[in-house]
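So the structure is just underneath, and the comments pick up after that.
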């Protein structure tokens, strides 16, 4: 199935389950652990491909549901696929549309056949079966294709989670049987909510099918940060060690460093990009809301330890001014800064694993984030995972 | 008055009044004829300083009225001046606030003392006298300061234009007597509407005061494109040949090449940046509205002759998709393209003057722009010069 796709582990941390790996795709390699910026509609909001390259990202995420509606996968296919369409020569992972089962709950009906969506754009009907999702992702030509899954919110009745596990396995099998493009890898997704037994069952069923990689889905969907971590802690070690593990849609900086320690390799979250547009900036010690009046004449950079192009050139006062004035440059500079913070964090995490001192790195970072707990909580509004992984919304 | 400011003419075209010059400022040189992108609120919308540098711009425009209201000139001064505040190391010209006499006509009262504005942001009062305008521009630390002028719309009764000429001279004298910062140059502004006699009178009065450069104000304020050109044609030759001539707020590509032929050296207009945000792109042969459905699957670049970073990497289909999806990257890429077109046009104009074949260049360009007339007309909505030079508005 995988063609040019492969995954190798370069080193393993002695004090944790963290691993330093490398994914090879038809569009270059990805050093793992890695963070994938979210490019919902064929663009990571406000960033050019050059921006993302110079920040050091090797893979971005595209949204199957959103791209199928607009501009339509046929347009993307005719223009040479998503890489060429968006001018991005490195790797792309596309989600399957399964997450919209949750994020667009009011606009869909779900059966064993698939999900029927009423377009959030024009009300037209889109039927997302496993076969259709694979077909769209084949047209998009992403390097990593995700199987269609059924992703319930938390809390959900046990019966609903049971149904989702059964249906996710059914759809994984049908996704597995569909025809993909040359070189496209396919990842399976594990569900099971917060029920250890169902998680275990889902892992067994999905891994039995044999995928190029495995994703932990159904986390950061409304539950507490502690519960998310428990679910990952019990799921990750059960996944095949020789395949990449992708933790879907969970991603405060504190989450990332902890989940790397549990053996996760790939991450995505809209937090750095969406927060940037809302004026919330990540720093090496926590968060900073650039709109606050105390920064009106503050000549310092956002983060004195940061080497990003924004911190090298602009003051907090200027960034506050751009935000308050509603300038589009505000969104661009804030996004550049936040994505640099994420890229830099992952670079440091990889170096710590290589040096065999990841456990130290984790405790050093956790100590810095004094407001870590609050941070983890504010990352999860009532609509849960809608905030992460479901596509990066306008502003 | 000028300190480090100087202007030299490098060559003169034999077949027109076009001149190839060089302005020296404390923040570098400006090869003229030159176009100045409009950076209303301390940013050319969507562009970083690096973007503007790599497009080749050597000077940008800042708006005194807008910056005085937000973030306030005292904040800018404390942060080291406008250059440092916005991270732009090259030259800056600031307008005087005089244009808001016209663009914010509903919010101001005007007497010989100055203009009283009711802030468009919070309703507070701002009194813009010549002395106050000079003080603000001194705090901003721009390289070229503009005298305060009284700029009436066209058509206006002859008595109103007469009053504006008288008041502009009065204010020019008071602007001239105010204290500026070290190295700041001061330009006077000529008014006179569409009345040849009053234009002549204004030129005499303003030039008699002695400025580092001269601007032609009061054009593109509601009159036809033909009338604007007539006014420039009769005003420009009367200005001192050894000082730079700045044509304020007039700037379709066709305008620029024609006005260079009349001996103008500096230009500004919001057209390339504002049009970009509205999806109108300039090309070597005219204009293109990227939102049109015919581009939905068009793999070609916006302009096959264009060497800008957008045309090198992205298709019309992708740019249309970004526009239709309301992506902020749309505004950024469109602005990059349009500003590149303007920078490139001025580079070619300068080369044509150096080669002594500007008249040929002018007729070659005019022939390309088959839709030139329509273009000139659509550039001037009913609210006239509000569209140009009055500050680049949101979206």
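To test your reading of the geometry: what angle, between 0 and 90 degrees and rounded to tens, separates the Cα axis of helix B:196-209 from the longest principal axis of chain B?
Orientation of helix B:196-209: about 70 degrees from the principal axis.
At residue A:157, label 7 Å along Cα→Cβ: distances to the other copies, nm, ascending?
Those label-point separations list as 8.0 nm.
Would you please classify the overall shape of region B:40-97 from the alpha carbon gyration tensor, given that a ≥ b ≥ c denote the square roots of the eigenvalues, rounded means a/c under 1.5, and beyond that prolate means a/b larger than b/c while oblate covers the rest?
Prolate, because a/c is 1.5 or more and a/b exceeds b/c.
If I take the Cα coordinates of region A:275-376 and project them onto the principal axes, what are the three extents in Å, biggest first?
Computed over region A:275-376, the largest-to-smallest principal extents equal 46, 26, 21 Å.
Bins of 10 Å, beginning at zero and ending with the bin holding the largest distance: percent of Cα pairs per bin for the protein assembly as shown, please.
Bins of 10 Å from zero give 3, 13, 22, 21, 16, 12, 9, 4, 1, 0 percent of pairs.
Taking the beta-carbon count within 10 Å as an exposure proxy, list A:124, B:96 from fewest neighbours to most.
A:124, B:96
From other protein chains only, count the Cβ atoms within 10 Å of every residue's Cβ in A:78-87, then give the mean.
Across A:78-87, the average partner-chain Cβ count within 10 Å equals 4.
Stick to the Cα atoms of region A:200-253, pair each with every other, and give me the Kirkwood hydrodynamic radius in Å at one decimal.
Hydrodynamic radius (Kirkwood, Cα pairs) of region A:200-253 is 11.8 Å.
Write down the percent of antiparallel bridges among all DSSP beta bridges whose residues are both part of chain B, to the nearest 5.
50
One decimal, nm, shortest first: give the distances between the label point of residue B:363 and those of the same position in the other copies, each label point 7 Å from Cα along Cα→Cβ.
8.4
So what's the back-of-envelope 222 nm ellipticity for the protein assembly as shown, counting only DSSP H runs of four-plus at -39500 (n - 2.57) apiece and dividing by all residues, rounded to 500? Please list the in-between numbers first.
Details: 32 runs with 318 residues, N = 790.
So the helix-based figure for the protein assembly as shown works out to -12000 deg cm²/dmol.
Rounded to the nearest 10 degrees, what's the angle between the helix A:130-140 long axis and the longest principal axis of chain A, both from Cα atoms, 0 to 90?
The answer is roughly 50 degrees.
For Cα pairs less than 8 Å apart in space and 6+ apart in sequence, what is the mean separation divided by the residue count of chain A, i.e. the relative contact order in percent? Show your work: numbers first, answer last.
Working: 834 pairs, mean separation 77.5, N = 395.
In percent, rounded to a whole number, it is 20.
For the Cα atoms of chain A, what angle does the longest principal axis make with the long axis of helix A:158-177, in degrees from 0 to 90, nearest 10?
80
For residue B:50, go 7 angstrom from Cα along the Cα-to-Cβ vector, then report the distances to that same point in the other copies in nm, smallest first.
0.9
Arranged by the count of other C-beta atoms within 10 angstrom, fewest first, what order do A:282, A:295 take?
Least to most surrounded, the residues fall as A:295, A:282.
What ranking do A:284-292, A:205-213 get when scored by the average of other Cβ atoms within 10 Å per residue, highest first?
Highest-to-lowest ranking by the protection proxy: A:205-213, A:284-292.
Determine the shielding of peptide A:40-46 by partner chains: average, over its residues, the number of Cβ atoms on other chains within 10 angstrom of each Cβ. Walk me through the intermediate numbers first.
Values: counts 2, 7, 6, 10, 2, 3, 6.
Partner Cβ neighbours, averaged per residue: 5.
With each pseudo-label sitting 7 Å past Cα toward Cβ, what's the residue B:285-residue A:230 distance in nm, one decimal?
6.7
How long, wide and thick is region B:249-310, going by the Cα atoms along their three principal axes, in whole angstroms, largest first?
Each principal axis gives a Cα extent; for region B:249-310 these are 44, 22, 19 Å.
Go ahead and run the numbers for FRET between residue A:160 and residue A:366, Cβ-Cβ distance against an R0 of 30 Å, rounding to 0.05.
Step by step, r from the Cβ atoms, then E = 0.30.
Once you average over the residues of A:317-328, how many Cβ atoms of partner chains fall within 10 Å of each Cβ?
Details: counts 6, 10, 0, 2, 12, 5, 0, 4, 10, 3, 8, 12.
Per-residue shielding by partner chains comes out at 6.
Which of the three applies to region B:76-228, rounded, prolate or oblate, going by the alpha-carbon gyration tensor with a ≥ b ≥ c and a/c under 1.5 meaning rounded? Could the numbers behind the result be given before it?
On the way: a/c = 1.78, a/b = 1.40, b/c = 1.27.
It comes out prolate by the Cα gyration axes.
Find the eigenvalues of the gyration tensor of the Cα atoms of chain B, then list the square roots of 5 times those eigenvalues as equivalent ellipsoid semi-axes, largest first, in whole angstrom.
Semi-axes (√(5λ), whole Å): 31, 24, 21.
Mind giving me the FRET efficiency for residue A:293 and residue B:305? R0 is 51 Å, r the Cβ-Cβ distance, nearest 0.05 is fine.
FRET efficiency, residue A:293 to residue B:305: 0.55.
Give the share of C-alpha pairs in each 10 angstrom bin for region B:50-151, from 0 to the last occupied bin, in whole percents, shortest bins first.
Pairs per bin, as whole percents: 16, 46, 29, 9, 0.
For chains B and A related by rotation, which residue of B has the Cβ nearest the axis, and what is the rounded distance in Å?
Chain B residue with minimal Cβ-axis distance: B:328, 3.
What is the antiparallel percent of DSSP beta bridges lying wholly in the protein assembly as shown, to the nearest 5?
Details: 44 of 90 bridges.
Just about 50 percent of them are antiparallel.
Would you mind telling me the antiparallel percentage of the DSSP bridges in region B:20-151, rounded to 5?
Antiparallel bridges: around 60 percent, rounded to the nearest 5.
Based on the Cβ-Cβ distance from residue A:347 to residue A:177, what FRET efficiency comes out when R0 is 45 Å, to the nearest 0.05? Display every interim value, and only then the final one.
Values: r = 39 Å, r/R0 = 0.86.
Efficiency computed from Cβ-Cβ geometry: 0.70.
Readers should treat all values here as calculations from the given coordinates under stated rules, not as data from a laboratory. Nothing here was measured: the structure is a model prediction, and the numbers come from that model. Using ideal geometry, Cβ is built from the backbone for each residue, glycine included, and neighbour counts are taken over all protein chains shown.
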